[in-house]
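Colleague: Submitted below is the structure of interest, expressed as structure tokens.
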């Protein structure tokens with residue numbers, strides 16, 4: 001069996017990062033492969049990751065009473081990371097101890113986002129230093145870098161080494177095709193492709209029914225609109241993973257398995273995170289999402305690709321729209337688009353593995 005490594009952000013204290021790594025590994029196994037995650041280590045990245053985990057709402061400081069909750073959340077993630085099949089560890093900035101592989105799959109996640117606060121500009125994710133006969137990407141994204149800004153030739157030349165390229169959003173597809181002059185396959189985030197890999201845990205964070213709130217730093221007009229809708233339905237708003245003082249209850253210390261169960265059991269979801277939308281789609285939960293500057297590219301493209309555009313709201317969105325998108329089941333056409341994209345995505349991975 002070919003020796004297969006997956007290069008991604010596998011130690012992020014982030015529900016989406018954890019689940020896309022878990023789903024990609026388990027999904028590749030279901031296709032007959034035996035992958036390991038390339039276990040890159042960096043003291044610099046670890047400090048930045050923990051700083052963000054304890055102070056996610058900067059410049060606002062975390063209340064001292066919340067620090068033990070964020071600490072418990074970090075411990076739950078650390079326990080979950082033990083489930084990953086890992087390679088021999090090596091230094092991210094100097095990967096001399098990286099083993100040889102037949103194939104390395106880079107992605108998913110923002111592996112090519114040069115603006116990522118601590119991974120941005122890391123050459124390993126652009127292929128430099130990888131020791132493999134073949135290198136391919138799966139569901140990679142440039143994140144907040146726009147196609148209009150383009151990709152510097154220095155970075156574009158590094159991506160030319162890739163034998164196959166797939167991305168998870170149209171913005172990244174345009175960047176690859178305009179700067180490299182080659183086609184990039186558009187594929188699904190692993191969470192939407194390999195749903196069977198997600199193992200949700202039960203929870204007692206709130207008595208059903210409830211509305212899941214996932215994200216932070218929501219604009220005030222969005223908070224007001226969501227609260228008006230929730231109050232009119234007598235539905236409590238429960239925030240997971242982060243403090244949101246405008247909701248009814250907080251569940252800050254939830255781990256990734258509890259997160260999966262919490263979203264699956266929610267009456268509806270309100271979010272400004274990409275994987276808030278992803279988990280709403282895979283669980284067929286009604287949702288409303290407001291765009292943020294950092295995540296607008298990938299969230300907007302996900303909505304357009306899946307036909308879920310009406311679930312994106314703005315300050316001009318009337319209150320009646322919140323009722324329509326949060327009370328009613330997802331549009332049937334969304335399931336049809338996802339089914340087609342799953343076929344495309346598995347076909348791409350099958351070609352890469354063979």
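The values are calculated or read from the model by the stated rules, or taken from the named source; none is laboratory data. What you are looking at is a predicted structure, and each value in this text was computed from that prediction instead of being measured. In this analysis, Cβ positions are derived from the backbone assuming ideal geometry, glycine residues included, and neighbour counts consider all displayed protein chains.
Colleague: Filter the range 204-223 down to the residues that are buried (at least 17 other Cβ atoms within 10 Å of the Cβ) and modelled with pLDDT under 95, then identify the one that is nearest to residue 233 (Cα to Cα).
Modeller: Top of the filtered list is 206.
Colleague: So in the range 58-77, with the set limited to residues that are more than 21 Å from the chain's Cα centre (by Cα) and assigned to a helix (DSSP H, G or I), which one is nearest to residue 217 (Cα to Cα)? Reasoning before the result, please.
Modeller: Residues of the range 58-77 more than 21 Å from the chain's Cα centre (by Cα): 59-69, 71-72.
Next, from what is left, pick out any that are assigned to a helix (DSSP H, G or I): 64-69, 71-72.
Values: 64: 19, 65: 19, 66: 16, 67: 18, 68: 21, 69: 19, 71: 21, 72: 22 Å.
Among residues in the range 58-77 that are more than 21 Å from the chain's Cα centre (by Cα) and assigned to a helix (DSSP H, G or I), the one nearest to residue 217 (Cα to Cα) is 66.
Colleague: Looking at this structure, is residue 208 in a helix (DSSP H, G or I) and more than 19 Å from the chain's Cα centre (by Cα)?
Modeller: Taking the combined requirement at face value, the residue does not satisfy it.
Colleague: Among the residues of the range 281-294, what is the count of those that are within 23 Å of residue 316 (Cα to Cα) and in contact with a strand residue (DSSP E or B) (Cβ under 6 Å, 6 or more places away or on another chain)?
Modeller: The number of residues fulfilling the criteria is 5.
Colleague: Collect the residues in the range 27-59 that are surrounded by fewer than 17 Cβ atoms within 10 Å (Cβ to Cβ) and farther than 20 Å from residue 118 by Cα, keeping them in residue-number order.
Modeller: 29, 30, 31, 32, 34
Colleague: Would you call residue 175 in contact (Cβ under 8 Å) with a residue 12 or more places away in the chain, in contact with a strand residue (DSSP E or B) (Cβ under 9 Å, 6 or more places away or on another chain) and in the same structural domain as residue 72 (by TED's automatic domain parsing)?
Modeller: yes
Colleague: A further question follows. Looking only at the range 23-34, decide whether some residue is within 25 Å of residue 120 (Cα to Cα), out of contact with any strand residue (DSSP E or B) (no Cβ under 7 Å at 6 or more places or on another chain) and outside the structural domain of residue 262 (by TED's automatic domain parsing).
Modeller: Yes - at least one qualifying residue is present in the range 23-34.
Colleague: Sort out which residues of the range 33-54 are part of a loop (DSSP other than H, G, I, E, B) and in contact with a helix residue (DSSP H, G or I) (Cβ under 7 Å, 6 or more places away or on another chain), and write them in order of number.
Modeller: Once the filter is applied, which keeps residues that are part of a loop (DSSP other than H, G, I, E, B) and in contact with a helix residue (DSSP H, G or I) (Cβ under 7 Å, 6 or more places away or on another chain), the range 33-54 yields only 33.
Colleague: Follow-up question, since we're still on this one. With the condition kept exactly as written, say whether any residue in the range 141-164 is touching a strand residue (DSSP E or B) at 6+ places or on another chain (Cβ under 6 Å), surrounded by 17 or more Cβ atoms within 10 Å (Cβ to Cβ), without any contact (Cβ under 8 Å) to a residue 60 or more places away in the chain and part of a loop (DSSP other than H, G, I, E, B).
Modeller: yes
Colleague: Still on this structure, I have one more. Testing residue 329 on (1) assigned to a helix (DSSP H, G or I); (2) closer than 22 Å to residue 195 by Cα; (3) more than 22 Å from the chain's Cα centre (by Cα), one condition comes back false. Which one is that?
Modeller: That leaves (1) as the condition not met.
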